Structures are given as C-alpha cells and as structure tokens.
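Notes for the one structure printed next.
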Amino acid sequence: MSSRDPGQAAALDRRDLAWYVDKLAQILVFIGGISGIILILGIFVFIGSEGLPFIVSKLNIGEFFTSPLWRPTSEANPTYGILALMAGTASVTGLAMVVAVPFSLGAAIYIAEFARGRTREVLKVLVEMLAAIPSVVWGFIGLSIMNPVIIKLFNVPVGLNVLNAGFILGLMAAPIMTTIAEDALKAVPEGYREAAEAMGATRWQVVRNVVLPAAKSGLVAAVLLGVGRGFGETMAVLMASGHSINLPTSPFDSVRALTATIAAELGETAVGSDHYRVLFTLGILLFLVTFVINLTADLVVRGIGKK
Amino acid sequence: MKEQRINEAPAIVTESLNLWYGTFQALFDIDLEVSRNKVTAMIGPSGCGKTTLLRSVNRINERLGYVRTTGSIEVLGHDIYEPEVDLVQVRKQVGMVFQRPNPLPLSIRDNVLFGHRTHRERGVKVSRQDEDEIVEKALREVLLWDTVRDRLAGAATELALEEQQKLCIARLLPVKPAVLLMDEPCSALDPNGTEAVEELIWDLRGDYTILIVTHNMAQARRASDECVFMLLGKLVEHTRTDKMFVAPKHQETADYIEGRYG
C-alpha cells in the first residue's frame, strides 16, 4: 500500500471538466436505467390499486373464472364471468401458434443455416419490416381481406372468427419469433457445424442432429415470446375475431379476447364503477399471465448457460 | 515391412493446386505427395497456407463460399475435386481434428457414434450392443475408455480439453477413415495434454495416414515421419523429418527452423 497522506491524494484527484462530464454522464445513465424499473412498478401499483380492492371485496372469484357470462352492463344482474373471454384469447392464440411456429422456425432455419450472402440479408430486412407493421394494419387486413376470403372459401356466414384472428395473429407473431429463433440458431458455435460437416453430415443432418438440439432452449423461448405476444395483442384481434362473446366450438365461431374487451369497454365505463374495476382486474390477469410467460422464456434462455 | 510401405502409392497427391479466397491467392502450384500410413507434419509461419492446404483435403474450405480452387487433389487415387464426387464419401475417408477441441453438444456416446450414424446405410439397424462395442473400441483406441466408461451418457463438452480432443479423434475412427487431418491439434492444450495427444497420434500412425499442421517446431520434430515446409503459399521443402531438421536443403527452411523468422 502507498503511504501517501490524504492531502496528497486529494491533490492528485483533479476535478477538471472531464471529471464533471464523467460524473454527469454516470448520473444520466443511472436515471435512464432506473426509470424503466420505476415506470413498471408505477404501472403495477396503478393497475393494482384500481383492481385489487374490487377483487378482495366484491368479486366472486369462482364465478369470475368459471362463468361464460360476461354481462357487465346489465342493470339488474351484472355478471362478470371471463371463461368465454379466456377461451377466446386461448383459441386465437393457440391457432396463431399453429400458424406461426412452423412459419417462423422454418424461416429462421432457412435464414440462419441455408441462405447465403445477399438472399440472407434481404430476407432478414424483410422479416424485420414485417415485424414493424402496426397491429391496426393487420386488423385491417383481417377485416377487409381475410373476412370475404373466409366467407367464400368455407361458405360460412361470418368471416370474423377464430380462424381469421388466429391466422392474422400468427402472421403478426411470426416475424418476431423468426428473429429470436434465428438469434438462437446463430448462437450455436460455428465449430459444431464445422465438426459435423467434416464428419460427412449433410447440411440438413447438421441442422437436425446438432444445431436444433443445441438451440433448443432459445427456440422454446422464441415460441413462448410469441405466445406472450399473442396473449397481449389487442387491436388486430379486436378487429378480426368478431368480438362476440362465445365459447368457441369450431374455428368459424366468433369470439372475444380479454384484451379486446378492455380496449372496447374501458372508455365507456364510469370511473370507479364495478365495471371499470373489473376491467382492471382483467388487466391484472393479463399482466400476470404475460409476466409469467416472459419470465419462463427468460429462464429457459438462461438455461443455455447452465448446460 | 518398412520397405514394403515405402513402395505403396502415396495417400494424398496434389497437383498444381492453386487456391483463392476471393481475389487473394493463398496457395500457389502445390505439388505434394503424402506417404501412406505415416505422420506428415506441415510447418511454416502464420499465413503460409498450411491450414488452407489441410482444409482443402476434405474440402471443408468450401464452407466459406468464396473459395476457388484449380488443380487436383487425389486421395487414395480418386480426385476429390471431380464434379461428380460425393462430399459425404470424401469426408468419410478423410477425418479431421480441429485446433480447438469441438465435441458436439451431445453425450460422449453420441459423439463417438455421430459419424457412424451419419454414414450408416438407410434402413440398416444396428443394435445397441453393436453400438456399445463401436464406442468402446473407438474410446479404447484413443486411450480414453477407462476415464469415461462410467459416464458415456454425460455431456462431452464437460470433459477436460485434452479428453475432448481425444474424443474428437475417437469419433472419427468408427467410420474407418484412411486419412486423418489435424489442424494444430495440441495448441489449445497444456503440456501434459499435448504429450498425451502426441503419443496418441504417434500410436495411430501405421493404421492411418496423418497430415498434421503445427506451429510447434519441436512437435514436428519429435512427432512426424516427414515434414513439409511452406512459405507464402508455396511448398518450399518436403523431406524426412530427421533430414529436414539436421540438413535442410533451402535457406528459407534453415532460417525458419532456427527461428530467424516466423
């Protein structure tokens, strides 16, 4: 250790402009970093304070989860059953994944493992552009293009249904899933591919036997994030699903999603009314579900490091 | 017996081999004959093309996509650059060991069986027992069996580096390659690991033609039968190792061996 006295050390610690700039930058970056946490906490507190008192005092939890009857505006006997809404969200998200998983994994495998040079660059840009299409535009496509196509193709009276919304949502979720899945594939060390190819494996054998197993957790995370996206998506689902309360029995049934319910009804409720509060309860539910999905995805990704 | 081997045809023959990475020419008119069932070391300063030459012999170079080659490389009498050549077959005959041990992210057992499963004919069933035998034989050959016999299902990537490198050699053996290419196989290992892998390479000669790139002059000297010296993409000298290190024919070789550059 040095035996300098403190006075000498202070003399060495020069507070010139660079010192102040450095401190200022540190503070700014700190504020930027922490603001995200504060905002999320703030949102959580807000939604919680609007919804929680209602959940504790008035809500019949059994009815809430098991009744398909959502009649918040009934004067005489309002019921708040979200079973049909959950079924709507689940059926649309489920179908969306059926569409999105093969598309996005296929695209990711092609871009990461087979496409070369310019093809790959163009594809990547196109996929990123697809991810940037606003959801209302997707909803518009569902409403004005998919709707008549479904009516004609399947000879059904209404084209705004699970099939329409699921398909639209699948196309919406696919680009982001593709990007994440591609990142997962790219993270597989090149040495594995080289080793397998040097042993005579074909490109497809390399992908199937080496790359996919190695990227498994990243791919699962991509799918989970897609599910989270589907769960939380509002506008496109609102426009394409038909927005009528139903326990769907076929893909041609119109349904209503949790998110769409909040979006459509919150503006028309009296602040502080039971209806208003139950919509916040839906918000809490959505928040928890997407939080759990994202957390799971995150944990799955971290699992890579453990192996 | 030694005389007999010398009379055998060489395992690898390159004729006026030129290679470009894009517009950069990395190899110039390489004529090389690699003797069968011997260890041939390639030495030379960084960037002299020795790794490039090595990676041309199983055409793994072509993964890069911007590589152009002229001339020919014959492996056991077949030109591997003929258009109708099946790369899968080339790589069955020519195994490769890389600079950094790169076991696949599978179990030890699956690593050893990977090549075998890849080259197995479609529809042919191999019983678990047969596979066990293949695994044991290959691991015994690389002196790894006793270390890993109890954890064959464990992840190969958790082995020590030296053991990983031995495993990378073991997984080549079940498909019975004729040639083993090794790209500085000991450079990521500590002295003990280097010694163990070198001994293993020395043990394998006689059964396999081994072409090994090395930066380590002492390694080339003690662990090879023949030595190839390359400089700036050209083959300068190719003689028996004991001769090269005692009486090199070219001034460049002498300078390099004595450490005046490189």
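Please treat every number below as a calculation from the coordinates, not as lab data. Predicted, not measured: the structure shown is a model, and the values here were computed from it. Note: ideal-geometry Cβ built from the backbone for every residue, glycine included; neighbour counts use all protein chains shown.
Data table
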{"quantity": "Radius 15 Å from Cβ of residue A:178, net charge of other residues (Lys, Arg +1; Asp, Glu -1)", "calculated": "-1"}
{"quantity": "Share of Cα-Cα pairs in segment B:53-178 lying beyond 23 Å, as whole percent", "calculated": "38"}
{"quantity": "Residue list for segment B:184-214, given a label point 7 angstrom along the Cα-to-Cβ vector of residue B:147 and an amide N cut-off under 19 Å", "calculated": "B:184-205"}
{"quantity": "Residues residue A:114 and residue B:232, FRET efficiency given R0 of 45 Å [Cβ-Cβ distance, rounded to 0.05]", "calculated": "0.80"}
{"quantity": "Relative contact order (%) - chain A, alpha-carbon pairs under 8 angstrom, separation at least six", "calculated": "24"}
{"quantity": "Among A:230, A:88, A:272, residue whose mean-square fluctuation peaks in a GNM of chain A (springs only between Cα atoms under 10 Å)", "calculated": "A:272"}
{"quantity": "Local electrostatic count at residue A:122 - Lys and Arg +1, Asp and Glu -1, tallied over other residues with Cβ under 12 Å", "calculated": "+2"}
{"quantity": "For A:203, A:14, order by how many other beta-carbon atoms lie within 10 Å, fewest first", "calculated": "A:14, A:203"}
{"quantity": "Average projection area in nm² (convex hull over Cα atoms of the protein assembly as shown, one quarter of hull surface)", "calculated": "42.4"}
{"quantity": "Which of A:23, B:92, B:125 has the fewest Cβ neighbours within 10 Å, and the rest in rising order", "calculated": "B:125, A:23, B:92"}
{"quantity": "Dipole-positive endmost among A:127, A:259, A:94 within segment A:82-306 (Cβ charges, Cα centre)", "calculated": "A:127"}
{"quantity": "Selection from A:200, A:189, A:104, by position along the positive dipole direction of chain A (Cβ)", "calculated": "A:200"}
{"quantity": "Theoretical ellipticity at 222 nm over chain A - DSSP helices of four or more residues, -39500 (n - 2.57) apiece, nearest 500", "calculated": "-23000 deg cm²/dmol"}
{"quantity": "Residue pairs, from the table B:50/B:166; B:92/B:166; B:50/B:243; B:125/B:176; A:124/B:92; A:23/A:124, whose Cα atoms sit over 29 Å apart", "calculated": "A:124/B:92; A:23/A:124"}
{"quantity": "Helix axis angle, B:191-204 relative to chain B longest principal axis, alpha carbon, degrees", "calculated": "90"}
{"quantity": "Positive dipole terminus of the protein assembly as shown, leading residue within B:103, A:245, B:185 (C-beta point charges)", "calculated": "A:245"}
{"quantity": "Mean Cα-pair separation over length for chain B, i.e. relative contact order, pairs under 8 Å, 6 or more apart, %", "calculated": "28"}
{"quantity": "Segment B:145-262 pair-distance distribution - Cα-Cα, 5 Å bins, rounded %", "calculated": "2, 9, 19, 20, 17, 14, 8, 5, 3, 2, 0"}
{"quantity": "Amide H contacts of residue B:206 (H built 1.01 Å from N, under 5 Å, at least 5 apart or other chain)", "calculated": "B:38"}
{"quantity": "Calculated from backbone phi, Karplus (6.51, -1.76, 1.60) coupling profile of segment A:18-27 in Hz, x at Gly/Pro", "calculated": "4, 5, 5, 4, 4, 4, 4, 4, 4, 5"}
{"quantity": "Descending principal axes extents, segment B:1-119, alpha-carbon based, whole Å", "calculated": "45, 42, 34"}
{"quantity": "Length gained when the stretch residue B:15-residue B:33 is fully extended (0.36 nm per residue, less Cα-Cα span)", "calculated": "5.6 nm"}
{"quantity": "5 Å-binned pair-distance histogram of segment A:82-306 (Cα, whole percent)", "calculated": "1, 7, 13, 15, 16, 14, 11, 9, 6, 4, 2, 1, 0, 0"}
{"quantity": "Sites residue B:86 and residue B:187, calculated FRET efficiency, Cβ-Cβ separation with R0 22 Å, nearest 0.05", "calculated": "0.10"}
{"quantity": "Per-residue Cβ neighbour rank within 10 angstrom, fewest leading, B:56, A:254", "calculated": "A:254, B:56"}
{"quantity": "Segment B:156-251: relative contact order in percent, alpha carbon pairs under 8 Å with at least 6 residues between", "calculated": "21"}
{"quantity": "Kirkwood Rh (inverse of mean 1/r, distinct Cα pairs), segment A:13-71, angstrom", "calculated": "15.7"}
{"quantity": "Estimated Rh, chain B: Kirkwood, alpha-carbon pairs, angstrom", "calculated": "19.1"}
{"quantity": "For B:99-106, mean number of other protein chain Cβ atoms within 10 Å", "calculated": "6"}
{"quantity": "Base-10 log of normalised Debye intensity for segment A:174-254 (one unit scatterer per alpha-carbon) at q = 0.18, 0.20 Å⁻¹", "calculated": "-0.79, -0.88"}
{"quantity": "Cα centroid separation, segment A:111-138 to segment B:75-110 (Å)", "calculated": "34"}
{"quantity": "Sum of -39500 (n - 2.57) over DSSP H runs of 4+, divided by residues of chain B (222 nm, nearest 500)", "calculated": "-10000 deg cm²/dmol"}
{"quantity": "Distance in nm between pseudo-label sites at residue A:152 and residue A:190 (7 Å out along the Cβ direction from Cα)", "calculated": "4.9"}
